[in-house]
Amino acid sequence: MKFSGSFIIVLALFITVLITSNIIAVKPIQLLNLPFVFLGSAAVVLPASIIIFPVSYIVGDVLTEVYGFRIARGVIWLGFGANLLVVVALWLTGIIPGAPFWSPEEQGSYGRILGQVPGILLASFVAYLVGEFANSTVLALLKYKMGGRYLWVRTIGSTVVGQGLDSFIFISIAFGVFGDWSGAQVLSAAIFQWITKILYEAAATPITYAVVGYMKRKEQMDVTDVPRSLNPLGVFA
């Protein structure tokens, strides 16, 4: 398959969003206070990656809808490899001694922000692979079952499954198993992150329709996968 300029742009956007999300995920942010107490708190605390990470699922929907599961699978694994490369580079940079004018305070700041702890990395890698492949698989299955109709059902439905798995796996491992969050905090953050991502996808549905329509016309492609072809263990195979 010859990859077009449009595909390269979509691929670059996907990887950029993924890497950016994993870097900023270390910071918890408080979006708002609820008018009621939910699981012991009214504060809605989420990883900062919520700002941009849902875009990766929107891009994943476009890839699966236009190019099919096989190409989307390759992009998911490529994103995993790119993120791993960034993590290794940040780790190596962190352990290499700094210049004489690089103070211990600066080194500490670097480590706190970019020296990601193993728990967050493990959570990120596992949640990413499970969530992205679940999203792509569900979208492909729904497209096959629905005969290519009802794109909005496929994009939102796949997000409900994929982002749900991603949210609960990431929050549970990063801040529950390896962090000091209580069970209520983990459950609250996972639920609100899941809901926010679904709303994000729903709000972006008109944009998704426009991009999918444009890409299908541009590429002259509209792949429908059969269920037996949905194997995540392959790279453009």
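The values are calculated or read from the model by the stated rules, or taken from the named source; none is laboratory data. Computed from a predicted model, the values in this text were never measured in an experiment. Backbone-built Cβ (ideal geometry, glycine too); neighbour counts: all protein chains shown.
Couple of notes before you dig in:
- Every condition in (1) at pLDDT below 90; (2) over 18 Å from Val75 (Cβ atoms) is met by Ser172 except one, and the failing one is (1).
- For the range 4-50, the set of residues classified as among the small types (Gly, Ala, Ser), within 30 Å of Gln220 (Cα to Cα) and in contact (Cβ under 8 Å) with a residue 12 or more places away in the chain consists of Ser4, Ser6, listed by residue number.
- Test: Ala82 is within 27 Å of Gly131 (Cα to Cα) and either surrounded by 15 or more Cβ atoms within 10 Å (Cβ to Cβ) or among the aliphatic types (A, V, I, L, M) (or both): yes
- Residue ID - farthest from Ile15 (Cα to Cα), chosen from residues in the range 56-82 that are touching a residue at least 60 places away in the same chain (Cβ under 8 Å) and among the β-branched types (Val, Ile, Thr): Val66
- Top-ranked residue in the range 45-72 [being out of contact with any Leu (no Cβ under 7 Å at 6 or more places or on another chain) and either part of a loop (DSSP other than H, G, I, E, B) or of a type in the set (Phe, Trp, Tyr) (or both); ranked as surrounded by the fewest Cβ atoms within 10 Å (Cβ to Cβ)]: Ile52
- Check on Tyr209, surrounded by fewer than 19 Cβ atoms within 10 Å (Cβ to Cβ), assigned to a helix (DSSP H, G or I) and in contact with an Asp or Glu (Cβ under 8 Å, 6 or more places away or on another chain): no
- Selection status of Val86, part of a helix (DSSP H, G or I) and at pLDDT below 90: yes
- Failed criterion for Leu142 (all others in (1) in contact with a Lys or Arg (Cβ under 7 Å, 6 or more places away or on another chain); (2) on the phi > 0 side of the Ramachandran plot hold): (2)
- Only listed residue being farther than 30 Å from Arg228 by Cβ, β-branched (Val, Ile, Thr), touching a strand residue (DSSP E or B) at 6+ places or on another chain (Cβ under 9 Å) and modelled with pLDDT of 85 or more, chosen from Ile51, Ile9, Ile19: Ile51
- Listed conditions (1) out of contact with any Ser or Thr (no Cβ under 8 Å at 6 or more places or on another chain); (2) loosely packed, with under 14 Cβ neighbours inside 10 Å; (3) of a type in the set (A, V, I, L, M, F, W, C); (4) touching a residue at least 60 places away in the same chain (Cβ under 8 Å) are all met by Ala184, apart from (1).
- Search result, residues across the range 95-121 that are acidic (Asp, Glu) and either at pLDDT below 80 or surrounded by 10 or more Cβ atoms within 10 Å (Cβ to Cβ) (or both): Glu106
- Whichever residue in the range 14-44 is aromatic (Phe, Trp, Tyr) and either under 29 Å from Leu114 (Cα atoms) or surrounded by 13 or more Cβ atoms within 10 Å (Cβ to Cβ) (or both) and, among such residues, is nearest to the chain's Cα centre (by Cα): Phe14
- Only listed residue being under 17 Å from the mean Cα position of the chain (by Cα), surrounded by 18 or more Cβ atoms within 10 Å (Cβ to Cβ), modelled with pLDDT under 90 and assigned to a helix (DSSP H, G or I), chosen from Phe192, Phe133: Phe192
One line per residue, one yes/no per condition, for (1) hydrophobic (A, V, I, L, M, F, W, C); (2) touching a residue at least 40 places away in the same chain (Cβ under 8 Å); (3) touching a Gly at 6+ places or on another chain (Cβ under 8 Å):
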site	(1), (2), (3)
Thr196	no, yes, no
Ala202	yes, yes, no
Tyr209	no, yes, no
Glu219	no, yes, no
Thr224	no, yes, yes
Arg228	no, no, no
Leu233	yes, no, no
